[in-house]
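What follows is a single structure, written as structure tokens, with notes after it.
The values are calculated or read from the model by the stated rules, or taken from the named source; none is laboratory data. Remember, predicted model here, so these are calculated numbers, not experimental data. Neighbour counts are summed over all protein chains in view; Cβ atoms, including those assigned to glycine, are modelled from backbone coordinates with ideal geometry. Surface accessibility is based on the protein's heavy atoms, side chains included, excluding ligands, DNA and RNA. Shrake-Rupley method; radii C 1.70, N 1.55, O 1.52, S 1.80 Å.
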Amino acid sequence: MLDQQAWLTLAPDLDVEWQQSYDEGLDVADLETLCRTAAATPGFSDEGAREIVRLLRARPMREGYPYTEPSDLPSILAACPETKPALSAPDPDALPDKIRGAWLGRAAGCLLGKPVEGFRRDKLIPLLEKTGNRPLRRYICWKDISPDLAAELGLFRHTYWGDTLENGAPNDDDTNYTVLALRLLETYGRNFTPNDVLESWMMWLPLFSTCTAERVAYRHAASGLLPPATATQDNPFREWIGAQIRADFFGYIHPGNPQKAAEMAYRDACVSHVKNGIYGEMLTAAMLAAAAVCQTPEEVLEAGLACIPSYCRLRRDIDLVRQWHGAGLSAAEITEKIHETYDERRNHDWCLTTANAMIVAMALLCGQGDVGTSICLAVEAAFDTDCNGATVGSIAGMLSGARSIEPCWTEPLQNCLHTALLGLSTVSFDDLVSRTLGLIDLSAS
């Protein structure tokens, strides 16, 4: 039913808007009850919701708020570290294997996390334990789930358990946007604009294949708004994970040049996100560009962090993970600390860029470039499992190459990816790799 579709109206997400406003540093503590009550009131009007948003936006910044978080590109670049890591030039002979590794790693990580997307740990961990798959080390399969366990956890047979695929990797937003970016570059070229990004969505991506901030931006564009208003107007999800999952292709085509990858990612991110929502996409694109020439996850993270502001919440949180890893904490111990920092039971935390980027950093550092190990660490940590599995798989796949990925992760994909894109319902990984390589300009990288 259309009236039950999520992210089409503002009022039900006023609680998220309040938390977002508070996180951004606004002095809104006294408006929390008003926002949460309105969000929980059936039939609360969007006109009333917009009036509450105006109250929130009119508040001053809290005294002592420590972060510098611009949303325009010149200010972002000015806020980034001045010193950038020196990276080697890409090896043209190695690129085909690395690009294939990135595509396959993304699809495998997405597939691993897709059946349990939305599971909190109190549901995910019992599932893994009762199917003999903890620590997580293989796809989550329907054949391992007894009828009693299915009834207990509310599970059902669908086409994206590891053993129920229908002719390849299933359609998912975490891979749709990667293919869409390929088509964007093929159609509009390297100088595409934010307007081109939204136009490409409206031509090739159905509205209900979008979520949260993307659905808001899509609706705004359909009503005549242009970026950046599509990101800033009535958008409680403006720092959620949506832009971060759209980053990969911009890194794929800039091997060895994180700065150019991040700048291209900015043009994509700003149609739907602000602040750390934008930085998440810039960071991920930059890490992928670096992974094409780096040797270790530590180097990849360092190169990525050089492309986002020095004093932002995303940098703060990634640095925490790096500190914990440097102090010798295990993946399980770091995961616990992430769960102490963010509460997966709150929708805002569960889907927030910063919370999920912490999991990405943990999985990369503790997985040390092995795709299978890394995606398992990302998914078992919960939060947004398919998003994090996909991002980690992509980066680890780029870092280590397709030849390093065990067949148990790639064979179920059957060299085929399903998408929601109009006119491109299925595509082979062979084709994706070939078209990606055709868009790499090493003179520009």
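Structural remarks
- Pairing each residue of region 416-429 that is surrounded by fewer than 17 Cβ atoms within 10 Å (Cβ to Cβ) with any residue that is at pLDDT 95 or above, provided the two are 6+ apart or on different chains, yields C-beta distances under 6 Å for 422/204; 426/416; 426/418; 428/415; 428/416.
- Residue check, residue 11 touching a residue at least 24 places away in the same chain (Cβ under 8 Å) and open to solvent by less than 60 Å² (accessible area, probe 1.4 Å): yes
- Given (1) open to solvent by 10 Å² or more (accessible area, probe 1.4 Å); (2) under 27 Å from residue 237 (Cβ atoms); (3) more than 15 Å from the chain's Cα centre (by Cα), number of the condition residue 298 does not satisfy: (2)
- Of all residues in region 43-73, those that are farther than 25 Å from residue 227 by Cα and at pLDDT 95 or above total 7.
- Verdict on residue 283 being in contact (Cβ under 8 Å) with a residue 12 or more places away in the chain, under 13 Å from the mean Cα position of the chain (by Cα) and open to solvent by less than 10 Å² (accessible area, probe 1.4 Å): yes
- Residue match in region 169-181 (condition: of a type in the set (Phe, Trp, Tyr), within 29 Å of residue 400 (Cβ to Cβ) and not in a helix (DSSP H, G or I)): no
- Restricting region 73-90 to residues that are touching a residue at least 40 places away in the same chain (Cβ under 8 Å) and not hydrophobic (A, V, I, L, M, F, W, C), the residue that is most open to solvent (accessible area, probe 1.4 Å): 83
- Among the residues of region 74-112, those that are farther than 28 Å from residue 377 by Cα and not in a helix (DSSP H, G or I) comprise 80, 81, 82, 83, 84, 86, 88, 89, 90, 91, 92, 93.
One line per residue, one yes/no per condition, for (1) under 21 Å from residue 23 (Cα atoms); (2) surrounded by 12 or more Cβ atoms within 10 Å (Cβ to Cβ); (3) free of Cβ contacts under 8 Å to residues at least 60 places away in the same chain:
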residue: 58; (1), (2), (3): yes, no, yes
residue: 61; (1), (2), (3): yes, no, yes
residue: 64; (1), (2), (3): yes, no, yes
residue: 67; (1), (2), (3): yes, yes, no
residue: 92; (1), (2), (3): no, no, no
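- All conditions but one from (1) under 21 Å from residue 95 (Cα atoms); (2) touching a strand residue (DSSP E or B) at 6+ places or on another chain (Cβ under 7 Å) apply to residue 239; the one that does not is (1).
- Members of region 210-231 found to be open to solvent by 30 Å² or more (accessible area, probe 1.4 Å) and touching a residue at least 60 places away in the same chain (Cβ under 8 Å), listed by number: 211, 219, 228
- A single member of 363, 381 is surrounded by 19 or more Cβ atoms within 10 Å (Cβ to Cβ), without any contact (Cβ under 8 Å) to a residue 40 or more places away in the chain and not hydroxyl-bearing (Ser, Thr, Tyr), and it is 363.
- Residues being in a helix (DSSP H, G or I) and under 16 Å from residue 235 (Cα atoms) - total across region 1-35: 14
- Single residue of 196, 234, 174 found to be modelled with pLDDT of 95 or more and open to solvent by less than 10 Å² (accessible area, probe 1.4 Å): 174
- Once region 127-163 is narrowed to residues that are within 23 Å of residue 390 (Cβ to Cβ), of a type in the set (S, T, N, Q) and open to solvent by 10 Å² or more (accessible area, probe 1.4 Å), the residue that is modelled with the highest pLDDT is 131.
- Residue within region 37-49 that is touching a strand residue (DSSP E or B) at 6+ places or on another chain (Cβ under 8 Å) and assigned to a helix (DSSP H, G or I) present: no
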